1. So if I check each of THR321, THR352, which one is over 23 Å from the mean Cα position of the chain (by Cα), polar (S, T, N, Q) and over 18 Å from ILE240 (Cβ atoms)?
2. Mind checking which pairs have a first residue in the stretch 301-320 that is within 17 Å of THR218 (Cα to Cα) and a second that is surrounded by 22 or more Cβ atoms within 10 Å (Cβ to Cβ) and among the acidic types (Asp, Glu), Cβ under 7 Å, 6 or more apart or different chains?
3. Can you find even one residue in the stretch 278-293 that is acidic (Asp, Glu), outside any loop (DSSP other than H, G, I, E, B) and buried (at least 22 other Cβ atoms within 10 Å of the Cβ)?
4. Kindly state which strands (runs of 3 or more DSSP E) lie completely within the stretch 120-233 and contain at least 3 residues that are surrounded by 15 or more Cβ atoms within 10 Å (Cβ to Cβ).
5. I need the full set of residues from the stretch 66-77 which are modelled with pLDDT of 95 or more, among the charged types (D, E, K, R) and not in a helix (DSSP H, G or I), in order please.
6. If you check every pair at least six apart or on different chains, which have Cβ atoms under 7 Å apart with a residue in the stretch 387-398 that is farther than 10 Å from VAL177 by Cα first and a residue that is among the polar types (S, T, N, Q) and in a strand (DSSP E or B) second?
7. Scan the stretch 93-119 for residues that are assigned to a helix (DSSP H, G or I) and either surrounded by 16 or more Cβ atoms within 10 Å (Cβ to Cβ) or touching a strand residue (DSSP E or B) at 6+ places or on another chain (Cβ under 7 Å) (or both) and report the count.
8. Would it be correct to say that ARG379 is farther than 21 Å from GLU253 by Cα and at pLDDT below 95?
Amino acid sequence: MTMQTALPLTEEIWSALGGPPPALGRLAFVGAGSLPSAFAVSDLAAASVATVGLALSELVARTSGRAPQVAVDRRLASLWFGWSLAPRGWRLPPAWDDWSGDYRCADGWIRVHANAPAHRNAALRVLGQPTDRDEAARRVARLDGDALETAIVEAGGCAARMRRAGEWRAHPQGAAVAAEPLIAWDDWRAPARGRRAGEHWRPAPGRPLQGVRVLDLTRVLAGPVATRFLAACGASVLRIDPPDWDEPAVVPEVTPGKSCARMDLRLPRDHARFMELLRDADVLVHGYRPGALEGLGLGAETRRALNPGLVEASLDAWGWTGPWQGRRGFDSLVQMSAGIAAAGMTWKGADTPTPLPVQALDHATGWVMAAAVLRGLVRRLDGGGRVARLSLARTAALLMAAGPSGDTGWRPAVAADYAPEEEATDWGPALRLRQPLSVAEVRLQWASPARRLGSDAPRWPAG
């Protein structure tokens, strides 16, 4: 397999970002190997990282007059789609709740996502409060997959029946997603205002996003991946979580360089403070389902009136049109519904659903979201606002259309793949993978180590 197999996907994503084709001439791929999978996961990893590099190069060209060269390490990009952090002397909590996973139902398979307490409780209520997983499995085995999926979702939980690709294409939601663009854009001209847009943005040599303020309302996993990269470029990222939210296995992975505060946007005091933060932000990244921000009094018209030059990137699991546009979803569930797990099962000759070796839909969407923000910041320099909408389901369609993986020459991570400096996270020392991306003259590094949620006050840095 040549290193250039990622180029067609790169060109497709870059086109969706509205990137100028000549910029591709500044891009080089290095490294080799592919994650073992039914699909070209390593091509997707290299391509999504590459488009972030190209977007960063274009932004640097606008702020400094020089367009730097871009290099992507295919193998490191693939590794970053897994876990970038290697704890030293401590362990990350399990990634999955004991109730999460695949269950055989009467007519196939269904996946239950139970990591969040509310989602777990909803699924257990539907199943009649089983005492353990074995009892849950016996009850699921007697039930129709479609009916159980619907019941869990209607109860406020998260589940997905395994479908083959043809079933998904014929499904109303699959058909809706197929008709959507990879990135849906909404642009407008920002009117004159008292405070010049981005007045605290001070690009510096090697730190192109120094002073950019990013308000991060995202959780597992694509959005935090996007804002992690923006923080590595020098942006001030303020992550806001509800008072009772936690994702212990993921937080150490995605919070380097960020401030992490807690707010309850339903409370008048926190809502008013959030409006102040939003007014002074350059970028908003969120994963709220359609209509959710409106329910909090933060609809699109309100946001635009408060901050006309705001750059937004938003994420939905199942797509922005179709009957499931408001349904809760996660990477593993989209893989089940879209046909990825079924195709993997056939590819491996397995008798159970076989997902991708990494949560590639989350990671790829996260990197492309970061690229969309960078493209939006270019527009902000011209006095305009911009919204980019992406979805995990549309990223799944991109991956599946790219064809099979070459599945050659894969090597797991070794010591040399990690940066030598330890990161003093809130949980203990750790090593982090070397950056998969090089943009000449840009230092991709975080100003602070990974930290716990709620460690900071909800405010922007001084200056």
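The values are calculated or read from the model by the stated rules, or taken from the named source; none is laboratory data. A quick note: this is a predicted structure, and the numbers were derived from the prediction, not measured. Backbone-built Cβ (ideal geometry, glycine too); neighbour counts: all protein chains shown.
1. It is THR352.
2. VAL311/ASP282
3. The answer is no, given that none of the residues of the stretch 278-293 is acidic (Asp, Glu), outside any loop (DSSP other than H, G, I, E, B) and buried (at least 22 other Cβ atoms within 10 Å of the Cβ).
4. On the way: elements: 159-161, 184-189, 213-217.
Fully inside the stretch 120-233 and qualifying: 159-161, 213-217.
5. If the condition is that a residue be modelled with pLDDT of 95 or more, among the charged types (D, E, K, R) and not in a helix (DSSP H, G or I), then ASP73 is the only one that fits.
6. Partner pairs satisfying both residue conditions: VAL387/SER314; ARG389/SER314.
7. 1
8. yes
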